[in-house]
Number of protein chains: 2
Amino acid sequence: MTDTHLHHPHAEEHLLSSATLTDIVIGMSDGLTVPFALAAGISGAVQGTSLIIIAGLAEIAAGSIAMGLGGYLAGKTEVDHYHAELKREYDEVEKLPHIEKQEVKDFFSSLGLSEEVQQKAVDEVTKDKKKWVDLMMKYELGLDEPDPKRARKSAFNISISYIVGGLIPLCPYFFFKESIEALKISTVITLIALFVFGYFKSRVTGVNAWVGALRVMVIGAIAAGCAFGIARLIQS
Amino acid sequence: MTDTHLHHPHAEEHLLSSATLTDIVIGMSDGLTVPFALAAGISGAVQGTSLIIIAGLAEIAAGSIAMGLGGYLAGKTEVDHYHAELKREYDEVEKLPHIEKQEVKDFFSSLGLSEEVQQKAVDEVTKDKKKWVDLMMKYELGLDEPDPKRARKSAFNISISYIVGGLIPLCPYFFFKESIEALKISTVITLIALFVFGYFKSRVTGVNAWVGALRVMVIGAIAAGCAFGIARLIQS
């Protein structure tokens, strides 16, 4: 740890895990893995590539829509949930101030403050209803105000990342006639892509990047191997 | 809002969104939608059902492994990340107490406490290093100590939910020879399953359950419709 680092505690580094990066990680993670594994699976059962392309594109369409709309609804739900809870807290502060005051006191007590400072802190916070409710929302319920525009952006980011991720393993099937040939190239390309993606994903989440890269690659390989094996088993 | 409700503020209801339920929702949500849409897509391109079964099972294998292992690694990463940050906070409290004290003070200031109470609270919290670090972890960084066993449980729950969810839309393809016939039954069964699932999912997340049920069903229908359309387009 360098001295410069120590003088700038790690606030900025946490900011790296921004919402957009998270969306890209979510979308691309599944986008690279599932269409790759599916194409590998079907390659274990058919010789030509046209059906793999159809199934692969259908999967990418289905997956990107399911994940994108899923992300959109999750964002919407978060906003609705936040506002419902906010209203509820205002109601409770109005109608049951003694209980809500006790909850604020419990919060300060959980921080390890003395009885005296707890009481003073409660008095100061509960003088202002907005401060009071904000504290309850953020620290009792652990809810931050969500950005209402996030839902749409998030849906878009996740979908596009899924499509981009999914087209990488599918590419070789457009250029080869024999599915097994295409599968070989697809495997090489996708394992490299998973490794690179895993590397950057780990840097975002703050894990050792090389270990993370290997982990992500191994998951993809296992998923594809199992899908291939299952398809072969059914076929035979 | 009933009086009984008011006397028991909503702590218990928040507990409903337990980790296991969240896992099931994650797994089943994609498990019902993507294999359904994929099977629908391939039905738009082939007449028989054997290939749809192969592709469907390969997808379920790939998806459940990708999501399950993904959940496992996410859990592992969370544990690693927590302990790395914990160590870092202990280091910083040791080496840069003035900066870390200021951060605790900023936290109390953000709650709206007066200068005097802020100072007292800071003095009390920073007397005990564990309390001090705990406060920084939880409220500055927003990190709760993760359960180290969660990762494995979470992987298992997500995978199984994905498999169960995925087999529902695939079932009819085992019993029909014509893909379009199977698709009709699959659509009816899956839309019902999505509706029921959406209903319970919404109760967990606290949204209006009927609206939530409709939303989930519509996402599945759109994903399947697009996959079907794309496969038809390529085929023709």
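The values are calculated or read from the model by the stated rules, or taken from the named source; none is laboratory data. Because the structure is a prediction, the values reported are computed rather than measured. Positions of Cβ are generated from backbone atoms using ideal geometry, with glycine treated the same way; all protein chains shown enter the neighbour counts. Please note that ligands, DNA and RNA were not included when accessible areas were found on the heavy atoms of the full protein model with its side chains. Shrake-Rupley method; radii C 1.70, N 1.55, O 1.52, S 1.80 Å.
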Scan region A:94-122 for residues that are basic (Lys, Arg) and either farther than 18 Å from B:Val104 by Cα or under 37 Å from the mean Cα position of the chain (by Cα) (or both) and jot them down. A:Lys95, A:Lys101, A:Lys105
Would you be able to say whether some residue in region A:12-19 is at pLDDT 50 or above, under 25 Å from A:Ser64 (Cα atoms) and either more than 8 Å from every other protein chain (Cβ to nearest Cβ) or open to solvent by 10 Å² or more (accessible area, probe 1.4 Å) (or both)? yes
Within region B:123-137, is there a residue that is within 23 Å of the chain's Cα centre (by Cα) and aromatic (Phe, Trp, Tyr)? no
Select from region B:200-210 the residues that are open to solvent by less than 70 Å² (accessible area, probe 1.4 Å) and without any contact (Cβ under 8 Å) to a residue 60 or more places away in the chain and write down the one among them that is farthest from the other protein chains (Cβ to nearest Cβ). B:Ala209
With (1) over 20 Å from A:Ile230 (Cα atoms); (2) more than 9 Å from every other protein chain (Cβ to nearest Cβ); (3) open to solvent by 10 Å² or more (accessible area, probe 1.4 Å) as the list, and B:Gly48 as the residue in question, which single condition is left unmet? (1)
Extreme residue, nearest to B:Val218 (Cα to Cα), among residues of region A:54-110 that are among the basic types (Lys, Arg) and facing chain B (nearest Cβ under 8 Å): A:Arg88
What residue, of A:Lys177, A:Lys149, A:Lys129, is under 30 Å from A:Phe108 (Cα atoms) and out of contact with any strand residue (DSSP E or B) (no Cβ under 8 Å at 6 or more places or on another chain)? A:Lys129
A:Phe197 fails exactly one of (1) facing chain B (nearest Cβ under 9 Å); (2) open to solvent by less than 70 Å² (accessible area, probe 1.4 Å); (3) more than 20 Å from B:Ile60 (Cβ to Cβ), namely (1)
Given (1) without any contact (Cβ under 8 Å) to a residue 40 or more places away in the chain; (2) within 33 Å of the chain's Cα centre (by Cα); (3) facing chain B (nearest Cβ under 7 Å), A:Gly41 misses just (1)
Residues of region B:213-232 being open to solvent by less than 20 Å² (accessible area, probe 1.4 Å), farther than 16 Å from B:Gly31 by Cβ and facing chain A (nearest Cβ under 8 Å), which ones? B:Ala231
